[in-house]
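The values are calculated or read from the model by the stated rules, or taken from the named source; none is laboratory data. What you are looking at is a predicted structure, and each value in this text was computed from that prediction instead of being measured. Glycine gets a Cβ as well: all are built from the backbone with ideal geometry, and neighbour counts include every protein chain shown. For the accessible areas, the whole protein counts, side chains as well, though only heavy atoms, and no ligand, DNA or RNA atoms are used. Shrake-Rupley method; radii C 1.70, N 1.55, O 1.52, S 1.80 Å.
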Protein chains: 4
Amino acid sequence: MTRVTVWNEFLHEKEDDAVLAIYPDGIHGQIASFLEKAGLDAKTATLEEPEHGLTEEVLANTDVLIWWGHMGHDRVEDKIVDRVQKRVLEGMGLVVLHSGHMSKIFMRLMGTSCDLKWREANERERLWVVDPTHPIAKGIGEFIELDEEEMYGEHFDIPTPDELIFLGWFEGGEVFRSGITYKRGNGRIFYFQPGHESYPTYHHPDIQQVIINGVNWCAESRKNYPAYGNHQPLEKIGRK
Amino acid sequence: MTRVTVWNEFLHEKEDDAVLAIYPDGIHGQIASFLEKAGLDAKTATLEEPEHGLTEEVLANTDVLIWWGHMGHDRVEDKIVDRVQKRVLEGMGLVVLHSGHMSKIFMRLMGTSCDLKWREANERERLWVVDPTHPIAKGIGEFIELDEEEMYGEHFDIPTPDELIFLGWFEGGEVFRSGITYKRGNGRIFYFQPGHESYPTYHHPDIQQVIINGVNWCAESRKNYPAYGNHQPLEKIGRK
Amino acid sequence: MTRVTVWNEFLHEKEDDAVLAIYPDGIHGQIASFLEKAGLDAKTATLEEPEHGLTEEVLANTDVLIWWGHMGHDRVEDKIVDRVQKRVLEGMGLVVLHSGHMSKIFMRLMGTSCDLKWREANERERLWVVDPTHPIAKGIGEFIELDEEEMYGEHFDIPTPDELIFLGWFEGGEVFRSGITYKRGNGRIFYFQPGHESYPTYHHPDIQQVIINGVNWCAESRKNYPAYGNHQPLEKIGRK
Amino acid sequence: MTRVTVWNEFLHEKEDDAVLAIYPDGIHGQIASFLEKAGLDAKTATLEEPEHGLTEEVLANTDVLIWWGHMGHDRVEDKIVDRVQKRVLEGMGLVVLHSGHMSKIFMRLMGTSCDLKWREANERERLWVVDPTHPIAKGIGEFIELDEEEMYGEHFDIPTPDELIFLGWFEGGEVFRSGITYKRGNGRIFYFQPGHESYPTYHHPDIQQVIINGVNWCAESRKNYPAYGNHQPLEKIGRK
């Protein structure tokens with residue numbers, strides 16, 4: 001059974017009653033809940049726990065890590081970011097949600113600013129499937145419609161994705177590469193844009209399905225690693 | 001005229017007479033020399049200069065930076081790496097040569113270990129062109145043959161390249177993605193594998209041509225930037 | 001000087017006065033006109049000319065072919081499609097515009113149905129730049145706005161593009177991969193979505209700039225070709 | 001259970017006793033045999049059967065088609081190629097082996113010549129894994145070694161693959177993109193280079209594993225399709 005750790009900074013819920021009303025168990029609690037129903041083994045971890053809840057032991061027992069962060073990005077310690085990056089390169093999957101685009105760990109793995117345009121205007125979003133054969137789009141129709149989301153718009157300052165699965169359309173005139181995948185080392189990464197804290201996005205069944213699919217896809221990482229360093233040839237070679 | 005800064009750690013030449021005999025003006029001097037002949041404005045910078053020769057002013061006046069490093073990777077200060085990364089994301093081109101694959105700046109921009117297999121056995125390499133329409137392969141035949149190079153072999157722990165231009169074949173049984181490109185922010189990056197310090201690789205006319213082509217390709221970066229942050233919609237929207 | 005042949009089926013203009021009013025010299029005439037002003041050598045060819053105006057000689061003297069077709073796709077003879085495909089694989093560039101997505105030549109080079117969603121509703125389109133470093137986006141701001149265009153929407157049944165440069169946003173709720181590139185053989189291909197015959201799209205300066213950029217990018221194809229077939233080894237090998 | 005049809009032209013085995021000695025049940029029989037052992041439902045079809053064994057009914061009941069052809073490429077009827085292409089675009093997987101690179105169906109789906117360099121010299125090949133996280137490389141070490149194979153060398157005239165999984169190294173000095181994937185329509189395609197008829201390649205356990213993996217990966221195609229054509233907007237739009 002795939003072991004998922006759902007990490008959430010868990011700050012908005014403590015400071016804003018409107019957010020808490022949508023996510024009484026926190027965003028992490030809500031996500032863990034629907035993952036469990038899908039047969040995954042889901043635990044949670046949050047910013048204000050010791051080591052942000054991401055001890056060596058926790059990460060060693062995590063197949064896929066989900067990351068939701070926003071106002072607390074800077075409070076994540078660099079040594080924990082180092083640890084998470086190391087585990088991704090070893091083969092742990094990573095699902096980065098919404099404002100996690102500017103988390104230290106995502107920027108570390110991308111090498112770019114990961115910046116974008118944004119706007120909070122309660123506007124409609126449509127997420128169009130552009131790669132219908134991809135396992136992450138399994139069970140989804142031609143698009144997902146969200147009555148209200150935060151706008152995230154291009155230019156999104158990321159490396160060229162390995163795969164482009166969802167394109168976001170926003171009522172106010174913008175588009176966004178909303179569902180994208182990357183490989184880094186032995187690990188697989190899925191970034192998925194929806195999920196502003198003040199909307200009930202993680203209660204939407206299609207959004208839940210995509211996150212479940214994303215976890216399953218990221219869990220397929222390899223466990224036996226290439227060797228690096230000095231390597232012997234087929235036979236004696238060279239002309240000196 | 002494209003302004004190139006050729007950065008070399010310049011350590012092997014000071015410590016090893018055999019290397020100095022091949023590159024009496026340093027690897028940086030040799031590279032700057034053939035770039036100048038190709039009509040480029042080439043300056044040099046080295047590790048042991050103040051700020052490694054990469055002051056704010058130098059970088060502000062550099063269109064493309066070439067990077068050769070090996071034994072001194074750890075001696076490059078993090079604040080200079082930050083500065084170079086910032087300039088790449090702003091649009092400065094970057095050509096990373098040979099053992100620069102494990103330089104701090106390349107690992108920073110890639111997000112992976114950038115590790116590989118290697119062997120020093122004076123063996124033959126063939127660099128095959130797999131993207132003959134690419135400007136970086138202009139003027140090159142079907143392959144470049146080097147009588148002796150250090151073997152660099154897969155698995156090469158890098159993100160999927162945007163473009164794969166050269167594949168390296170080594171006498172002892174290995175292959176390598178030897179010429180690859182990436183975009184990061186507004187900057188373009190070209191990694192090119194040949195150039196071990198104990199072989200006269202940078203005297204080879206085809207290798208010189210590829211580096212000149214690579215500089216020209218990286219110099220095409222854009223100078224006007226997207227805006228990030230809060231963004232106004234087409235018109236009043238939303239339903240709250 | 002780059003030699004461009006602008007091919008247009010030239011049927012709508014003959015049948016519909018409203019189209020003729022927008023393009024009194026035909027869509028081909030309008031495109032050739034702004035290419036000439038940009039210093040390119042532009043000729044035209046149309047469906048009802050002998051061999052559709054695409055004789056062996058014409059194609060042999062064409063560096064980049066532009067293709068606009070719609071209601072006459074089926075009237076293009078297969079032997080001419082064979083001829084154009086052969087020239088693209090030899091290195092002629094190809095710019096396919098708007099409804100050319102279902103031309104025989106584009107489908108031939110893609111291998112898919114190239115189908116899509118569409119709607120004629122005089123709606124606004126925004127073309128967002130998602131690859132700001134690409135030469136085809138040179139001189140363009142963050143987006144191009146068209147007051148009215150035909151909607152083209154995903155899913156667009158194409159192979160994964162080599163590069164994604166523009167994403168289209170439509171007022172009615174759709175998105176589209178509107179500016180994309182491919183390499184096929186020695187030839188480069190650029191598909192660009194805007195240009196419905198009943199709107200003055202090819203009079204828009206930004207659209208003109210993108211097409212000029214596209215022609216220049218496609219013209220960079222290589223003229224010396226790889227050898228195929230039986231190939232001799234480095235030296236005697238094998239163990240039989 | 002995934003339903004596989006193994007198609008082989010089945011000509012070399014009838015004409016050449018040395019080939020028959022290696023594959024007494026034909027190449028198709030050998031491949032079907034190890035697929036069955038892996039729990040797949042494998043049937044066979046050959047060139048000289050009516051409709052080449054690929055009737056509408058057979059294809060309607062095929063999840064993944066494997067293709068081995070060589071001397072008989074031209075004898076495959078175009079209407080059968082049309083039928084297979086249609087099924088791939090609908091979502092049937094396709095595994096193309098070795099000399100199938102110049103089959104009508106592969107060229108049709110690629111749009112290029114699919115040509116390459118080749119040599120029969122009983123030389124050693126090494127297939128290096130360059131994408132260790134890919135499901136098609138599951139269970140394979142860092143490389144597969146074949147004592148003897150036909151050399152296939154670059155330049156391989158194909159579209160840029162969606163994914164590059166294996167790189168081939170040949171004793172005589174060449175490299176090859178030996179394991180590559182594409183998506184076309186709703187179908188997935190895997191091309192795998194080894195398998196010259198005069199070597200016992202399909203008896204090699206690692207080669208068998210890769211083909212089994214490839215079938216499983218291609219079988220993941222989607223069964224519910226996007227709608228194409230005229231599409232209604234969110235609400236009334238437009239300004240005319």
| note | Shortest first and in nm, the label-point separations between B:E49 and its counterparts in the other identical copies (7 Å out along Cα→Cβ) come to 5.0, 5.7, 7.2
| So what J values fall out for the range A:180-190 if you push phi through Karplus, 6.51 cos²θ - 1.76 cosθ + 1.60 with θ = phi - 60°, rounded to Hz, Gly and Pro as x? | 9, 10, 9, 10, 9, x, 8, x, 10, 10, 10
| query | Which of the GluC sites (Glu not before Pro) found in the range B:1-58 are in a DSSP loop and have at most 16 neighbouring Cβ atoms, other than their own, within 10 Å? | reply | B:E48
| request: Would you mind listing the distances between the A:N61 label point and the same position in each other copy? Use 7 Å along Cα-to-C-beta, nm, one decimal, shortest first. | output: 5.0, 6.0, 7.8
| said: As a check on your reading of the symmetry: which chain D residue has its Cβ nearest the axis that brings D onto C, and how far is it in Å? | reply: D:G111, 3
| Average accessible surface area per residue within the protein assembly as shown, 1.4 Å rolling probe, Å² | 34 Å²
| note | Going residue by residue through the range B:207-219, the Karplus relation 6.51 cos²θ - 1.76 cosθ + 1.60 with θ = phi - 60° gives ³J(HN,Hα) values, rounded to whole Hz and with x marking Gly or Pro, of 5, 4, 4, 4, 5, 4, 4, x, 4, 4, 5, 5, 6
| query | When the label point is put 7 Å from the Cα of C:D74 along its Cα-to-beta-carbon vector, which residues of the range C:27-47 have a backbone N closer than 19 Å? | reply | C:47
| Rounded, prolate or oblate: which fits the range A:13-97 when a ≥ b ≥ c are the square roots of the eigenvalues of the alpha-carbon gyration tensor, with rounded for a/c under 1.5 and prolate only if a/b beats b/c? | oblate
| remark: Here the relative contact order (percent) of chain C, from C-alpha pairs under 8 Å and at least 6 apart, is 20 percent
| message | Give the D-C buried accessible area in Å², both sides summed, 1.4 Å probe, nearest 100. | response | 3700 Å²
| request: Over chain C, with every protein chain in place, what whole percent of the accessible area is carbon and sulfur at 1.4 Å, could you tell me? | output: 49 percent
| field | Cα centroid separation - the range A:1-80 against the range D:140-157, whole Å | value | 45 Å
| note | With a ≥ b ≥ c from the Cα gyration tensor eigenvalues, square-rooted, and the rule rounded for a/c under 1.5, otherwise prolate when a/b > b/c and oblate otherwise, the protein assembly as shown is rounded
| remark: Across B:148-161, the residue-averaged tally of Cβ atoms belonging to other chains within 10 Å stands at 6
| Placed amide H near C:G139: partners under 5 Å, 5+ positions off or other chain | none
| Is it possible to state the helix-based mean residue ellipticity at 222 nm for chain D, with each DSSP H run of 4+ residues giving -39500 (n - 2.57), the sum divided by total residues, to the nearest 500 deg cm²/dmol? What is it? | -7000 deg cm²/dmol
| query | Taking the label point as lying 7 angstrom from Cα along the Cα-to-Cβ axis, what are the distances from A:L234 to the corresponding position in the remaining copies, in ascending order and in nanometres? | reply | 0.8, 6.0, 6.1
| remark: For the range D:3-218, the count of lysine pairs 8 or more apart or interchain whose alpha-carbon atoms are under 23 Å apart comes to 13
| field | Derived scalar couplings ³J(HN,Hα) [the range B:4-20; Karplus, 6.51 cos²θ - 1.76 cosθ + 1.60; whole Hz; x for Gly, Pro] | value | 10, 10, 9, 9, 9, 5, 6, 10, 4, 5, 7, 9, 9, 4, 5, 5, 4
| said: Quick check on the range A:109-184: take the gyration tensor over C-alpha atoms, sort the square-rooted eigenvalues as a ≥ b ≥ c, and tell me if it's rounded (a/c under 1.5), prolate or oblate. | reply: oblate
| query | Counting Lys and Arg as +1 and Asp and Glu as -1, what is the net charge of the other residues whose Cβ lies under 10 Å from the Cβ of B:A219? | reply | 0
| If eta is 1.002 mPa s and T is 20 °C, what Stokes-Einstein diffusion coefficient results for the range C:42-159, Kirkwood Rh from Cα pairs, in µm²/s? | 133 µm²/s
| message | 5 Å is the cut-off here: which amide hydrogens, built 1.01 Å from N in the peptide plane, fall below it relative to A:A121, excluding neighbours closer than 5 in sequence? | response | A:M151
| What's the local net charge at C:G195, with K and R +1, D and E -1, over the other residues with C-beta under 10 Å away? | -3
